[in-house]
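**Q** Please find one structure pasted underneath; my questions will follow.
Every number here is computed from the coordinates shown, using simple stated rules; none is lab data. None of these values were measured; they are calculated from a predicted model. Positions of Cβ are generated from backbone atoms using ideal geometry, with glycine treated the same way; all protein chains shown enter the neighbour counts.
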Amino acid sequence: MSEAANFTPREIVSELDRYIIGQDKAKRAVAIAIRNRWRRQQVPEPLRDEIYPKNIIMIGPTGVGKTEIARRLAKLVKAPFTKVEASKFTEVGYVGKDVESIIRELTDLAVKMVKEEEMNKNNIKAEDAAEERLLDILVSQGVGAKDCLNEGEDFVTLPKSELRNRLRHKFRSGALDKHFVELEPTRTPRPFPMVEVLSTSSIEELNMNLKDMFSNIFQGGETRHKKVTVKEAFGILKQEEFQKLVDMDSVVKMAIERVETMGIVFLDEIDKIASREKAGHGPDVSREGVQRDLLPIVEGSTVMTKYGMVRTDHILFIAAGAFHVSKPSDLIPELQGRFPIRVELDSLTEEDFFRIIKEPENSLVKQYVELLKTEGVELVFTDDALREICKVAVDINDKMENIGARRLYTVMEAVLSDVSFEAPEMSGGKFVIDAKYVREKISGIVENKDIMRYVL
């Protein structure tokens, strides 16, 4: 397990507070779940495999931070993370995605994550090797050589080692970036692609696997010379060196281990597959079928992926839903038992909106200020302007569908549309957004309910 995962619950909550306002109960629940994973790793081997993660159901309206908590948590502990919508899956035998594709997708992400980490570790080695290969090409093809000669020198008298050093200096300074070189075809054999043949893949996944397989068979290596710029050639050569330095067998092994011990699956809209009535016909049959298909994955089973078998026993599942119409008790009892922790998230108040728009490290105010700074415009928001924006957002949520903090995006866009459009002509200037400006931009829309339905 990575060192990044060795956070105390208090440290995890503190990190989440930097991006998410409120929802302390939910933050505490996920922090404990992550710390329990570290604790499990310290338990002696015979008992370790018997300790299963305590899966969580988050209950709360849309836009209150359910997805953001799970996403930030996975990023914090550097864990493989995938977000799926439960309503997108169908019972086995029906057209649609099967639930095992969740684990296949999680494994794909883990392989990509581990491969990037290994590439970063070998970055200097790959750059050095690529630079040496590129210098060989530059010297042999005489690219940029004339620029390296001083007055009175020629290629006959200039030692190749000196020419190489001068070309190296020119390349590193970027002076040769736009020169063209010819790359020889690479004939390194590509490994035969791993394809899931016996798994219950959907048609889309099967198509992708077949395309990958045939592209590898018929394109075992480039067969013609390629003329590219020096800068592009360096990138190509660097990628080739990465392929030599990164051992994919070890990457796959580490990725599968990471999925099995650290993987996090966020099941959104779990309430949409809850059967509201114990009916024996209609859509409820399919909903219950999806729950029964999810059950083996959540309680622990082995899923066949193109990288090998993946056990799901210790993957953490975080489910979320609004549960406006249904309730958690409408889920089948077996699935309810696999989600022992229930956390109810609070609805957002006007004060919460004000903190959300201003305090987080990725707050909307900071985003818009930085965006317009690229145009040379200094954008300033007064506190009364932000409070007016929050008041309008809360009012619209009350009058229409409540979409939580996402309403702030629509209101901010409406307020700043003119500034964003005219920003290139305002370069070097300062623009102050106050409460009066907000009211001027929003009043016409808010007063007309028909327009409000489409604009905000």
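**Q** Provide L106, L345, L386 in ascending order of the number of other Cβ atoms located within 10 Å of each residue's Cβ, fewest first. Let's see the in-between values first.
**A** Numbers: L106 26, L345 20, L386 23.
Ranked by crowding around the Cβ, least crowded first: L345, L386, L106.
**Q** Karplus couplings for the range 33-38 from phi (6.51 cos²θ - 1.76 cosθ + 1.60, θ = phi - 60°), rounded to Hz, Gly and Pro as x?
**A** Each residue's phi maps through the Karplus curve to give 4, 6, 5, 4, 5, 5 Hz.
**Q** Then there's this: Per the Kirkwood formula on distinct C-alpha pairs, the Rh of the range 350-441 is how many angstrom? Could the numbers behind the result be given before it?
**A** Details: mean 1/r = 0.0744 Å⁻¹.
When all Cα pairs of the range 350-441 are included, the Kirkwood radius is 13.4 Å.
**Q** Would you mind checking K27/K373; K112/K170; K160/K238; K83/K436 for any pair whose Cα atoms are more than 29 angstrom apart?
**A** Values: K27/K373 34 Å; K112/K170 34 Å; K160/K238 24 Å; K83/K436 41 Å.
In this structure, K27/K373; K112/K170; K83/K436 lie more than 29 Å apart at Cα.
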